[in-house]
């Protein structure tokens, strides 16, 4: 949406195509357009949004100009509810996706908090709750940047078929999708296939009913333990088996990384500088550092090895370079990202082909090695 479109939408705010909870507002996310945010705490079960608009066929919506052709919410296999001009846009047009959402559908047009939502938190749904590919409509594919540990990386209009999501979002899907899922026979224990879900009949009912179903929790894939590669230090270990090229840590998990230029680095105290040099890849311009080193995630503890089992894919996700066993220490070659010509580190990895010293110029010759050349960072 352009700034001009945003202005038009805000200038016509009194024309309520969409109903928005009074404690919810739309504003820039800073990373992917605009989103909806809670300005005060919102209790689980509260209705945060009700969609409005015209009822069009999927084919009719696809014929609308520009982003208008992808602004609706599918309410049946063949129908959507949508706006036909930007002046009609409202809260519903800024509802973003997350693979760990805090809101879901109750009925065809109401979006309800799945859990307590804290002030300042972005309100999201999982697009798997609503996306369905209809004949005559365009296929949907989104490169996901939500940053959740369970991020799928890519969101499509077929994700509703994933059994794990069917169980996770039981009761939060668009009703027509829930019916399709029930026909497939996938259902949660204790819930009969084809069970009718209650639908809100008023704003008051939508804001006070619907206790959320139990939420699933991301599986633990990695953990911190005393390092085998570097005795006396800590390292990151696999808690399950990973196949070759399997996703270990999505790039979105490092979304707060920014360039700390060398001039700014020199103003820091000695301890902070030492820790930053120990954790962060360098470039000729500065360090690729997290926003706050005090709150780094488990993945930052992954050590170097000249014989790594982890590297980067084309999206800069951490992936397995080979099959990894449960309990194996995860490690990557710092040359995959380190380009600071001043960088020099004595290596104690113990690999047969250990280089002895790791430098910021190693990438120049390692990119020629067949086993490593496809696992360098693209940044």
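Taken together, the values in this text are just the output of simple stated rules run on the coordinates, not laboratory data. In this text the structure is predicted, and so the values were computed from the model without any measurement. Counting neighbours? That spans all protein chains shown, and the Cβs are built from the backbone with ideal geometry, glycine included.
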Report the dimensions of the stretch 222-366 along its three principal axes from the alpha-carbon atoms, largest first, rounded to Å. 43, 33, 30
Order of 364-375, 34-45, 308-319 by packing, highest average Cβ count within 10 Å first? 308-319, 34-45, 364-375
Nearest 0.05, what FRET efficiency do residue 223 and residue 274 give at R0 = 30 Å with Cβ-Cβ as r? 0.75
Protection-proxy order for peptides 252-262, 152-162, each taking the mean of Cβ atoms within 10 Å per residue, highest first: 152-162, 252-262
Where does each of 351-360, 75-84 land if you order them by average Cβ count within 10 Å, highest first? 75-84, 351-360
How far, in nm, would the chain grow between residue 240 and residue 116 when pulled straight, counting 0.36 nm per residue and subtracting the alpha carbon separation? 41.5 nm
Full extension between residue 40 and residue 361 adds, at 0.36 nm per residue less the Cα distance, a length in nm of 110.5 nm
Label model pair residue 179, residue 292: point-to-point distance (7 angstrom along the Cα→beta-carbon line) in nm is 4.8
